[in-house]
């Protein structure tokens, strides 16, 4: 996949805010038949028994998954970047639940973002001054990589807004379709660990309940 352009300082924040505010699974029974005789010895069939040939379903090749094309080393980098982003997402949603400007908010963006000033500014505009609250955040259903480099990882994640509750100044924001949204984020490796460069696109795309 060609390198995708990530959004800049405030662009990444605006994208997330836009995504938030626009919204705002046979058991087979096997029976064996045994012959019952009285006092007679069981009769043996002299004909040789032939093994059953495997069915087509038993020999079919499983469908490849998205991670089949990556090496173990690449997947290790992807997981490191993804786990770092999940840490950020947990911290971000906790802050968005209260909508308060605290010293910890500034430290959070400095720890996880390559554009801490811009992202913090967007957060203040949306939550502190704008009155938005992420009372029940959307759930991350799955993630999958789209590009894995040595110092850059781009991956998709599916956000499910089905049970999310987002309010603005106390009023519930109605979630528009699609309720499951695909988002693409770019992470970069730094001397301080993986950090978020930004969101790759701002379009609203639907995603399936499970990864492709």
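What follows is calculated from the coordinates using simple rules that are stated; it is not laboratory data. The model shown is predicted, which means the values in this text are computed figures rather than measured ones.
For the reader, a short list of remarks on this structure follows.
- Whole-number D in µm² s⁻¹ for the range 165-212, Kirkwood Cα-pair radius fed into Stokes-Einstein, 20 °C, 1.002 mPa s: 157 µm²/s
- A Stokes-Einstein calculation at 37 °C with viscosity 0.692 mPa s, built on the Kirkwood radius of the range 65-153 over Cα pairs, returns a diffusion coefficient of 224 µm²/s.
- Interatomic Cα distance distribution for the range 92-212, bins of 10 angstrom, percent: 13, 36, 40, 11, 0
- Normalised alpha carbon radius of gyration of the range 115-157 [divisor 2.2 N^0.38 Å]: 1.63
- Reported value for the range 135-186: 85 Å³ per residue, from the convex hull of its C-alpha atoms.
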